[in-house]
Amino acid sequence: MKKKSLLLLLVFISTYAISQSKTETTNSSKEYNLLSLTGGMAAMLTYNTYGYIGAISDGFVKNYYDSSLTNTVMTEQINFCKIIGDMLDKAINEKAFTDTNDISTMQEVKNILIGLSKQAQFAKTYTIARSESASINFDEQRKANWEQIKKLLNLKD
């Protein structure tokens, strides 16, 4: 499953420029290349952040990582998501993206980052409370995040 997901991610990144929007005909090649790069990096960021949060959380549950390390990693992920989300907001507000499809895609990325931040926060809560409700909240957010990432990357089950 991991190899299939990785292959699909690589296919997405390599074809992102073709499927993103028709900006190539309306923008310079340089701008189009920057848009393609931004899209590919956004795809990699959301996919890898999702995997990292999950791997560290699994490691905590299996006693490979203690609560201190897990909380540190989750805090870092929350902060990274906030920083990148703020950067996306600024780029959108300053009209860095002119095509409505590009704007919509970057807003989807922002929403995924918000969800990933929530998932990381639920992981932190679980390390403290170890309650069933914290576990359920984490798992529900994890599933919601994956659905959004699959949609963004055009992945199939």
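Quick notes on this structure:
- Checked against a 24 Å cut-off, the cross-linked pairs Lys62/Lys143; Lys82/Lys124; Lys30/Lys151; Lys82/Lys143 give Cα-Cα distances beyond that limit for Lys30/Lys151.
- Cross-link reach list, aspartates and glutamates versus Lys118, counting only Cα pairs under 19 Å and skipping chain neighbours closer than eight places: Asp58, Glu76, Asp86, Asp89, Glu108, Glu132, Asp139, Glu140, Glu147
- Using the average count of surrounding beta-carbon atoms within 10 Å as a protection proxy, the listed peptides 103-116, 83-96, 53-66 rank, highest first, as 103-116, 53-66, 83-96.
None of the figures in this text is laboratory data; all of them are computed from the coordinates on show. Because the structure is predicted, anything quoted here is derived from the model rather than measured. Quick reminder, even Gly has a Cβ in these numbers, built from the backbone with ideal geometry, and neighbours come from all protein chains shown.
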